[in-house]
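Since every read-out is calculated from the coordinates, none of them should be taken as a lab result. Keep in mind it's a predicted model, so treat the numbers as computed, not measured. No Cβ is skipped: glycine too gets one built from the backbone with ideal geometry, and neighbour counts run over all protein chains shown.
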Amino acid sequence: MPLYRLRQDPRRGPPGRGAPAPRPRVSALLIDRCEAVVTMDEAGTEIPGGSLLVQDGVITWVGTGPPPVPPETERVDGRGLVALPGLVNTHHHLYQALTRVRAQEQGLFGWLRTLYPVWAGVDAEWTWAAARVALAELALSGCSTTTDHHYVFPRGGGGILEAAIAAAASLGLRFHPCRGSMDLGASRGGLPPDELVEDADTVLHHTEEVIRRHHDPSPTAMLRIAVAPCSPFSVTPRLMREAAELARRLGVRLHTHIAETRDEEAYCLETFRQRPVELLEEMGWLGPDVWLAHCVHLDGGDIQRLARTQTAVAWCPTSNLRLGSGIAPAPALLRAGVTVGLAVDGSASNDSGHLLAEARVGLLASRVHGAATLGAREVLRAATRGGALCLGRPELGSLVPGQQADVALFSVEGVEFAGAQADPVAALLFCTPRRVRHLLVAGQWVVRDGRLVRADEEEIAVEGRRVAREILSWSERAVVG
């Protein structure tokens, strides 16, 4: 019996079916005289006092001085604002936004065992409410593109992916949902309970169906699909191999969790006689079409394998600290030439979805290895250009002519930044991260003056709290029963 019944809202259809509100059109837009424009081009160019011109969703000019402005151009005063490429979140679990602050003193395996029974209640309504909460939080932190690694499909999972897709469309974000999966239950030596795993053939069939229905390979795409079996301790080698074959046959990317904890490493050594990254290589899971979440516990050989195969990494510093997993060797990965993106991970293993704050944690956590380990600009690059390349989106993540117009504008004028004029770009991370002032995605406003343009933040929060209370009540009764 489903935990939740769909509650119809006359302003939208049910999760997964409602048409999004019309996008607020902006044909030409000038963002004028910014504190700095951080282009994230190959040279790392920054333009103090710079401006950007956006036309029909594309950046057409960046520089200083009078730009070639067409008639009826909308103008935005950029003074006191730092312009960054829209941030890119490379790993998330949107449904977890409604199960925060659980299992506060558990490592990954204990945390999962605590939450698996709760997640058995996931359905389309839960996913719609949770996704709207998580996506709103991301947008308000300056994120223009995000993934969602969804691997829990109880009772067949009807409408779950469609609910998340509809939620992203309703806010106006670029969305890369990953059709996750688990087919190795506890009775066969896996970690998840049997009631949360699926049959491998069902997974492969539904994954192909989702790709054919939703994936857009075009450079302007707002929606792309990836293939993402969950982890070595919840997925059979057969499904891992056949998922990779499916993804490559259909031309989509591959994603999974790997090398997150010592428990996982011990499991792989005991079960497969291989380290996690070695196992992935043996199963055909390394390559330029793959990005891997976590990669905390790597040795030198692992790093060289990732570099040699051009496999990218989603760096999740807060989640790794929160669960006591460790600190990923992001500096060593970058030195080896590995593409590194940034990620908030699931809101239940992070309890936050502020991507700029995530960058600050990454900057500071990396310094346990020394004060000069990583600079603010290297971490900002991971949060923008690096993330775009992880997702196979070279047209995103930089502010140069011809790129898609995904632009985040952050104020550096508040009390948090008073005294930080020596380097306003680095101040975004060294000082307290704030909400984004304005966010453009595909040249359209998603956030203006710190407020969502296409959705009501308070309504999203109220609905999220309502569904979360139902989840809490149900899960507490289940434990008592």
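So which GluC sites (Glu not before Pro) in the stretch 32-129 are both in a DSSP loop and have at most 14 other Cβ atoms within 10 Å of their Cβ? Can you show the working numbers first?
Details: sites: E35, E42, E46, E72, E74, E105, E125; in loops: E35, E42, E72, E105.
Those satisfying the criteria are E42, E72, E105.
Grab the other residues whose beta carbon is less than 14 angstrom from that of E416, score K and R as +1, D and E as -1, and report the net. Provide the component values of the computation, followed by the final result.
Numbers: positive: R360, R434, R435, R437; negative: E413.
For residues surrounding E416, the net value is +3.
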query = For the stretch 342-348, in order, what is each residue's ³J(HN,Hα) by Karplus, 6.51 cos²θ - 1.76 cosθ + 1.60 with θ = phi - 60°, in whole Hz (x at glycine and Pro)?
reply = 10, 8, 7, 6, x, 5, 8
Rounded tilt (10° steps) of 300-309 against the dominant C-alpha axis of the chain = 70 degrees
task = Normalising by the residue count of the chain, find the relative contact order in percent from Cα pairs under 8 Å and 6+ residues apart.
result = 21 percent
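Once you keep just the Cα pairs under 8 angstrom separated by 6 or more residues, what percentage relative contact order results for the stretch 336-481? Kindly include the intermediate steps, with their values, before the conclusion.
On the way: 148 pairs, mean separation 25.8, N = 146.
Relative contact order here is 18 percent.
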inquiry  = Rounded to whole Å, give me the distance from the Cα center of the stretch 171-228 to that of the stretch 22-96.
reply    = 33 Å
note = Under 5 Å from the placed amide H of L223, counting only residues 5+ away or on other chains, we find F175, D216
task = May I have the extent of the alpha carbons of the chain along their three principal axes, as whole Å values ordered from largest to smallest?
result = 68, 56, 43
request  = Would you kindly give the portion of the calculated P(r) for the stretch 61-153 that falls above 19 Å, as a percent of all Cα pairs?
outcome  = 58 percent
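How large is the convex hull of the Cα atoms of the stretch 326-413 per residue, expressed in Å³ as a whole number?
Considering the Cα atoms of the stretch 326-413, their hull volume per residue is 129 Å³.
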Size of charge dipole - the chain - debye, nearest 20, with Cβ of Lys, Arg +1 and Asp, Glu -1, no other charges = 460 debye
note = In degrees rounded to 10, the 0-90 angle between helix 262-272 Cα long axis and the longest Cα principal axis of the chain is 50 degrees
key: Degrees between helix 457-480 axis and first principal axis of the chain (Cα, 0 to 90, nearest 10)   = 20 degrees
task = Between the alpha-carbon centers of the stretch 430-473 and the stretch 274-317, tell me the distance in whole angstrom.
result = 33 Å
